[in-house]
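Worksheet: one structure, shown below.
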Amino acid sequence: MENIGNINLNDRLELHKQEYLKTHKSRYEFPKSKHIGRGKGTFVERELFESPAFIALVGVAPQMLIYILGKREMRQTSKSRICVNANELKLSYIELEKLGITQPRATRGFDELLAKGFIRIEHHGGGCQKDQSIYSLSNQYLLWKKGLVFSKRPKALKKGFLHNKRQIQHTKP
């Protein structure tokens, strides 16, 4: 450390500020980014985010669409970029939970994206960890109009005993 008597006032102030900041924690701690997807960013075409279907998305559906778009693998060709895995995109409920999106909100988001034609289900997962749903990107959103539903999520199959009615006793008591 230099002799404080030989330093001008602005340098002393800067030195004091640096020493003070070393001993105190930052008042604002920024959370670590939750990186999902590939690369450093996501390219979104103008026709997508200016479409009436995108503007009509509600809840977490727009954020989920951006995460799905972030999972694309793009290859550079001589003239343009092409998506290699457009028909095999996965976005699990566990990944969405890490991003702060609960399972019911995620289900509503998937329903919204399917209904407006942004994604299609290529393979409906069975609910087990190894059997995830596989989605593909779709351009049907360009044809969307209010009240039009392109596709719906298949109902989940319930396992186990499926009869809701009370069992009828077949023998006489």
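List of remarks:
- Least to most buried among Ile101, Ile94 (fewest other Cβ within 10 Å first): Ile94, Ile101
- Neighbour counting of Cβ atoms within 10 Å sorts the residues Phe118, Phe54, Phe110, fewest neighbours leading, into Phe54, Phe110, Phe118.
- Fewest neighbouring Cβ atoms within 10 Å first, the residues Ser51, Ser138, Ser78 line up as Ser78, Ser138, Ser51.
- Cut-off under 5 Å, modelled amide H: who pairs with Glu122 long-range: Ile134, Tyr135, Ser136
- The simple Förster model, with R0 at 41 Å and r as the Cβ-Cβ distance, assigns Asn139 and Leu9 a FRET efficiency of 0.05.
Bear in mind that the values in this text are calculations on the coordinates, not laboratory data. Keep in mind that this is a model prediction, so the values were computed, not measured. Ideal geometry is used to build each Cβ from the backbone, glycine not excepted, and the neighbour counts take in all protein chains shown.
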